[in-house]
Amino acid sequence: MNRNPDVDPARFPVLRWTADDGVEIAYVRQGHGGVPLLLHHGWPGSKRLFWRNIQPLADAGFDVIVPDARGFGESSIPESPETYADIALSAIDAHGLLTSLGIGECVAAGGDFGAGVVQDLAARYPGFVKRMIVWNGVTPAVDDLYAAAGLPTDQLAEIQMISDHLTDNGLHADDVCAGLGSNQARREHVGGYFTERPWRVGNDPLRLSAPGAFSEDQLDFQLEAFGDESRLRATLGYYEGLFHPEFCKTPTLLAEPARDTETLILYGVEDQIVHPLLTKRHAVAYPRHVGPFLIEDCGHFVSWEASDVFNSAVICFARDLLAARGVA
C-alpha cells in the first residue's frame, strides 16, 4: 500500500551538516541548480511542516533547502542550554548551511519563530536574502516606527493578554517538561499547540490552526519528535530567548531589520493567538512589501494549511528570479 506522501518520513532524503559548535543540522534539499529557497519552521514544527511545499516548489524551479533547527526534528540535541535554538543562532546556522552548499543569496521564508529567523538572516548578512516571505510570527523590534504609524508596539503583550504560554515556556521550561511524564503526554501537550487548547487556565480553548487542518495521522507525523523529553526541552530555547536574552550567545538583530528587503506578507486569519496587527507591523517595517494577503480557512501554519496558496504565492513573488534562471 502506498503511503500518503504528506505523512511519509522517507518522502525526501535527509541530509546533514555540522555547525561550528558540533551540532548536526538535518535538512532536506530538492531542486539542485534552481533559485535557492530557504524554508524555516517555528515552534511547534520541523521541516515536516513543509512536506506539501518542497516538491511543488522544486518543480517550479527552486533549489529548496529545509532545515530542522538545532534540537528539532532530526537535528542533534545541543549539549548545553547556551546552544539551544534561538532566533539569531538559527539564522547563523541557516547561513552556514547554505554557504556550505555554495549558495551566496536566497529567497527566505518563515512563519512563527521562523519569521524571526529569516528576518535576522536578512539583517545579519546584508544582500544574502533577496526576497523574504513571512507569516503569522515574529515582527521586528522597531517600536519607534510602529508608534509613528499609530500601532501598538508590544507584540508579546498582545499575546500575553490571552495566553500564558510565552511565560510558561520562556520562564518555566523545566517545570513544563517535568510535568509531562511520558512520550504520549508530551505529544498530546504539543498537539494542543497545533490544534486547540486552553491557553490560560480556566479559559475556553483557542485555535492556532483552522478546524480540520491536521488529520490524526498528519498530527502524529508532525508530533513524532516532540515525544522525546530532552528534545522537547531543547526546543523551548526559542521562548527562553524572549525573556532571557543573556541566554543567547549572539543577540538578535530584529531591532535593526534589513528594511529594503522585498517582503511578501501573509496571514492565516483563523489564528486566534497571533494578532492580525502583525501584518501592519510587517508592512511598516518593510516598505518594499507585497500584501499583506489574508488567507481564509487557514490558521497559523500557512505553508501546510494553505499549501497551494502558499506555493503559488512564492512562485509569483519570485517569478523574475526564476525567469533569470530560465525556469519560469
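Within segment 150-175, the only residue that satisfies the criterion of being touching a residue at least 24 places away in the same chain (Cβ under 8 Å), outside any helix (DSSP H, G or I) and among the small types (Gly, Ala, Ser) is 163. Among the conditions (1) within 19 Å of the chain's Cα centre (by Cα); (2) surrounded by 24 or more Cβ atoms within 10 Å (Cβ to Cβ); (3) farther than 21 Å from residue 116 by Cα; (4) among the β-branched types (Val, Ile, Thr), the only one that residue 35 does not satisfy is (1). Do we have residue 270 as closer than 29 Å to residue 192 by Cβ and either buried (at least 22 other Cβ atoms within 10 Å of the Cβ) or under 19 Å from the mean Cα position of the chain (by Cα) (or both) here? It is true that residue 270 is closer than 29 Å to residue 192 by Cβ and either buried (at least 22 other Cβ atoms within 10 Å of the Cβ) or under 19 Å from the mean Cα position of the chain (by Cα) (or both).
Residue 45: touching a residue at least 60 places away in the same chain (Cβ under 8 Å), surrounded by fewer than 23 Cβ atoms within 10 Å (Cβ to Cβ) and more than 19 Å from residue 19 (Cβ to Cβ), yes or no?
Details: touching a residue at least 60 places away in the same chain (Cβ under 8 Å): yes; surrounded by fewer than 23 Cβ atoms within 10 Å (Cβ to Cβ): no; more than 19 Å from residue 19 (Cβ to Cβ): yes.
Criteria not met by residue 45.
Within segment 212-227, how many residues are farther than 16 Å from residue 44 by Cβ and either free of Cβ contacts under 8 Å to residues at least 40 places away in the same chain or surrounded by 13 or more Cβ atoms within 10 Å (Cβ to Cβ) (or both)? Spell out the reasoning first.
So in segment 212-227, the residues farther than 16 Å from residue 44 by Cβ come out as 212, 215-217.
Subsequent filtering for residues that are either free of Cβ contacts under 8 Å to residues at least 40 places away in the same chain or surrounded by 13 or more Cβ atoms within 10 Å (Cβ to Cβ) (or both) retains 212, 215-216.
So the count comes out to 3.
Selection of segment 303-327 for residues being hydrophobic (A, V, I, L, M, F, W, C), within 24 Å of residue 105 (Cα to Cα) and surrounded by 15 or more Cβ atoms within 10 Å (Cβ to Cβ) yields 310, 313, 314, 315, 317, 318, 321, 322, 327. Filtering segment 192-209 to residues that are in a helix (DSSP H, G or I) and either touching a strand residue (DSSP E or B) at 6+ places or on another chain (Cβ under 7 Å) or buried (at least 19 other Cβ atoms within 10 Å of the Cβ) (or both) leaves 193, 194. The requirement of being polar (S, T, N, Q), in contact with a Lys or Arg (Cβ under 8 Å, 6 or more places away or on another chain), in a helix (DSSP H, G or I) and over 29 Å from residue 255 (Cα atoms) is fulfilled somewhere in segment 299-307, by at least one residue. Scanning segment 1-25 for residues that are more than 18 Å from residue 56 (Cβ to Cβ) and either surrounded by 12 or more Cβ atoms within 10 Å (Cβ to Cβ) or within 21 Å of the chain's Cα centre (by Cα) (or both) yields a total of 11. Annotation: of all residues in segment 219-248 being more than 17 Å from the chain's Cα centre (by Cα) and assigned to a loop (DSSP other than H, G, I, E, B), the one that is nearest to residue 194 (Cα to Cα) is 228.
Suppose we filter 292, 251 for residues that are in a loop (DSSP other than H, G, I, E, B) and more than 15 Å from residue 208 (Cβ to Cβ); which single one remains? Walk me through how you get there before you give the answer.
Working: 292 fails: in a loop (DSSP other than H, G, I, E, B).
Of the residues listed, the single one that is in a loop (DSSP other than H, G, I, E, B) and more than 15 Å from residue 208 (Cβ to Cβ) is 251.
The sole residue among 37, 57, 49 that is out of contact with any Lys or Arg (no Cβ under 8 Å at 6 or more places or on another chain), assigned to a strand (DSSP E or B) and within 19 Å of residue 111 (Cα to Cα) is 37. Screening the candidates 245, 257 for the property of being closer than 30 Å to residue 130 by Cα, surrounded by fewer than 19 Cβ atoms within 10 Å (Cβ to Cβ) and touching a Pro at 6+ places or on another chain (Cβ under 7 Å) yields one hit, 245.
Among 64, 28, which is the only one that is aliphatic (A, V, I, L, M), touching a helix residue (DSSP H, G or I) at 6+ places or on another chain (Cβ under 6 Å) and surrounded by fewer than 24 Cβ atoms within 10 Å (Cβ to Cβ)?
On the way: 64 fails: surrounded by fewer than 24 Cβ atoms within 10 Å (Cβ to Cβ).
One residue alone meets the criteria, 28.
Criterion applied to 148, 185, 173, 157 was being closer than 19 Å to residue 240 by Cβ, out of contact with any Cys (no Cβ under 7 Å at 6 or more places or on another chain) and surrounded by fewer than 14 Cβ atoms within 10 Å (Cβ to Cβ), and the one residue passing it is 157. What's the number of the only condition in (1) in a loop (DSSP other than H, G, I, E, B); (2) at pLDDT 95 or above; (3) within 17 Å of the chain's Cα centre (by Cα) that residue 258 fails to meet? Here residue 258 clears every test but (3).
The values are calculated or read from the model by the stated rules, or taken from the named source; none is laboratory data. Since the structure is predicted, the reported quantities are computational estimates derived from the model, not experimental observations. Heads up, the Cβs are rebuilt from the backbone with ideal geometry, glycines too, and the neighbour counts pull from every protein chain shown.
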